[in-house]
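Structure first, commentary second.
The values are calculated or read from the model by the stated rules, or taken from the named source; none is laboratory data. Quick caveat, the model's predicted, so the values are computed rather than measured. Cβ placement follows ideal geometry from the backbone for every residue including glycine, while neighbour counts extend to all protein chains displayed. These accessible areas exclude ligands, DNA and RNA; they are computed on the full protein's heavy atoms, side chains included. Shrake-Rupley method; radii C 1.70, N 1.55, O 1.52, S 1.80 Å.
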Amino acid sequence: MGGLQQIRRAVVIGSGQMGPGIGYTLASVGCNVTMYGRTDESVDRGVQAFHRAVRVLAEGGCISDGQASAAHKRISGTTELDSAVRQADLVIESIAEDAGLKRQLFKRVEASCSTSAIMASNTSGLPVAELAGDLAHPERFAVTHFWNPPHLMPLVEIIKGEKTSRQTIETLKSLFKDAGKTPVVVLKDTPGQLGNRLFHALIREAIYMVQEGIASAEDVDTAIKNGLGRRFPVYGPLEHQDVVGLDTVYAIQNYLCRALCNDTEPSPVLAKMATSGDLGVKSGRGFYDWSKRDLPSLLEKRDSFLVERLKAEQK
């Protein structure tokens with residue numbers, strides 16, 4: 001395996017939505033992965049989710065039976081954090097988005113792990129500086145933000161803190177490339193990192209258009225899925241602007257930027273739904289009435305599409 005530092009043993013802290021897929025990513029390049037959870041039940045759920053992720057990739061033709069068999073053998077679970085991280089070369093945390101909890105966790109991890117181990121958080125937006133604030137060696141800490149579902153999405157954002165060493169960044173970048181991921185390095189420790197800044201700019205405008213009666217939620221989603229979404233796998237927004245011509249883009253932005261939402265707080269319609277209990281899938285209603293929609297079928301369709309994309313990119 002490439003990289004400035006050999007990563008042979010890894011610990012994934014958190015056995016929920018993201019941890020199993022992150023664990024698979026590491027196992028796919030030969031790491032022995034230990035998944036930590038607070039209870040035996042949570043560990044078992046996480047390990048089983050890991051095995052399901054492997055089966056999805058194998059059944060979809062993205063990995064061979066031999067690769068799947070090898071990955072299945074590289075996972076174990078534990079509720080003993082200190083002993084798990086003691087021999088680890090890499091520790092990736094994926095627990096609740098609570099800065100205080102994460103900060104306490106990494107302080108504990110650093111006290112138990114080796115002096116050469118890299119520590120990383122899968123936070124989707126919390127600053128590196130805040131999470132590493134209590135560490136004696138912040139140079140070996142970074143954020144590695146995987147996109148959900150992590151076993152199917154190629155992107156991994158590596159966020160460099162002010163004190164993160166170049167070696168730490170290069171080791172992580174090389175590791176994820178070996179795992180078939182597409183890593184990008186975020187050079188400034190900024191809220192929302194890279195992908196979520198772009199995504200929430202789009203979300204803000206999408207909600208604003210619904211709020212202002214410009215279009216329905218369904219038509220906003222339809223426009224994105226059948227317009228922007230069809231192009232983006234081939235070329236990004238800045239490539240597209242170069243193709244269009246920057247003089248044209250400049251002319252459009254001279255009138256369009258004034259019409260775009262530039263609110264610095266969440267929209268009133270979002271605030272109303274969030275405070276009234278219309279939380280989306282978890283409550284049954286949000287922008288859509290989920291009692292009339294089939295969530296499992298939607299997620300299956302999403303995952304099937306992502307599997308087909310992975311297969312196509314391997315050709």
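Looking at segment 101-172, the GluC sites (Glu not before Pro) that sit in a DSSP loop and have at most 16 other Cβ atoms within 10 Å of their own Cβ are E162. Checking the Cα-Cα distances for K225/K282; K102/K160; K73/K163; K173/K315; K160/K181; K225/K311 against a 25 Å cut-off, the pairs over it are K73/K163. The length gained on full extension between E130 and Q253, counted as 0.36 nm times the residue separation minus their Cα-Cα distance, comes to 40.7 nm.
The local environment of T123, defined by Cβ-Cβ distances under 9 Å, has a net charge of -1 under the rule Lys, Arg +1 and Asp, Glu -1. Amide H contacts for G161 (H built 1.01 Å from N in the peptide plane; partners 5 or more residues away or on another chain; cut-off under 5 Å): V143.
For R8, the residues whose modelled amide H falls within less than 5 Å of its own, excluding neighbours fewer than 5 places apart on the same chain, are D89. By its C-alpha gyration tensor, with a ≥ b ≥ c as the square roots of the eigenvalues, how is segment 23-177 shaped: rounded for a/c under 1.5, else prolate for a/b larger than b/c, else oblate? Prolate.
The packing ranking of peptides 257-267, 115-125, highest mean first, is 115-125, 257-267, where packing means the average number of other beta carbon atoms within 10 angstrom of each residue.
Bridge orientation summary for the chain: considering DSSP beta bridges with both residues in this region, about 20 percent are antiparallel. Using the Cβ-Cβ distance between T79 and V281 with R0 set to 41 Å, the FRET efficiency works out to roughly 0.90.
In terms of Cα atoms, the Rg and Dmax of the chain work out to 20.9, 61 Å.
Going by the alpha-carbon gyration tensor, a ≥ b ≥ c the square roots of its eigenvalues, is segment 71-149 rounded (a/c under 1.5) or, if a/c is not under 1.5, prolate (a/b greater than b/c) versus oblate? Oblate is the answer for segment 71-149, as a/c is 1.5 or above yet b/c matches or exceeds a/b. Taken one residue at a time, the phi angles of segment 132-141 give Karplus couplings (6.51, -1.76, 1.60, θ = phi - 60°) of 9, x, 9, 7, 6, 10, x, 5, 9, 10 Hz. Gly and Pro are set to x. Length gained on full extension, T222 to D65: 52.8 nm, using 0.36 nm per residue less the C-alpha separation.
Accessible area ranking (1.4 Å probe, heavy atoms, ligands and nucleic acids excluded), largest first, for K173, K225, K282: K282, K225, K173. Computed from Cα positions, the angle between helix 40-59 and the longest principal axis of the chain comes to roughly 70 degrees.
Charging the Cβ of each Asp and Glu at -1 and of each Lys and Arg at +1, and nothing else, the dipole of the chain about its Cα centre rounds to 600 debye. Peptides 233-245, 195-207 ranked from most to least packed by the mean count of surrounding Cβ atoms within 10 Å: 195-207, 233-245. Listed values for segment 268-282 are Karplus-derived 3J(HN,Hα) couplings in whole Hz (6.51 cos²θ - 1.76 cosθ + 1.60, θ = phi - 60°), namely x, 5, 5, 4, 5, 5, 5, 7, 8, x, 7, 9, x, 4, 5, and x replaces Gly and Pro. Put a dot 7 Å past the Cα of K163, heading toward its Cβ, do the same for R302, and the two dots end up 3.7 nm apart. A cut-off under 12 angstrom between Cβ atoms defines the neighbours of P191, and their net charge, with Lys, Arg +1 and Asp, Glu -1, is 0. Rounded to the nearest 10 degrees, the angle from helix 246-256 to the longest Cα principal axis of the chain is 70 degrees.
Residues in segment 20-31 carry Karplus couplings, in order, of x, x, 5, x, 4, 3, 6, 5, 5, 10, x, 6 Hz; the curve used is 6.51 cos²θ - 1.76 cosθ + 1.60 with θ = phi - 60°, and Gly or Pro positions show x. Among the trypsin sites (Lys or Arg not before Pro) in segment 37-105, those placed in a DSSP loop whose Cβ has at most 10 other Cβ atoms within 10 Å are K73. Based on DSSP H segments of at least four residues, each scored -39500 (n - 2.57), the chain has a per-residue ellipticity at 222 nm of -14000 deg cm²/dmol. Does segment 208-315 come out rounded, prolate or oblate by the C-alpha gyration tensor, with a ≥ b ≥ c the root eigenvalues, rounded set by a/c under 1.5 and, if not, prolate when a/b is larger than b/c and oblate if not? Oblate is the answer for segment 208-315, as a/c is 1.5 or above yet b/c matches or exceeds a/b.
Here is the list for segment 283-312: chymotrypsin sites (Phe, Trp or Tyr not before Pro) lying in DSSP coil, each with at most 14 other C-beta atoms within 10 angstrom of its C-beta, are Y288.
Relative to the longest principal axis of the Cα atoms of the chain, the long axis of helix 166-178 makes an angle of roughly 80 degrees. For segment 1-157, the dipole from Cβ point charges (+1 on Lys and Arg, -1 on Asp and Glu) about the Cα centre works out to 300 debye, to the nearest 20. With a cut-off of 16 Å on the backbone N, the residues of segment 63-87 near the modelled label site 7 Å out from H51 along Cα-Cβ are 68-78.
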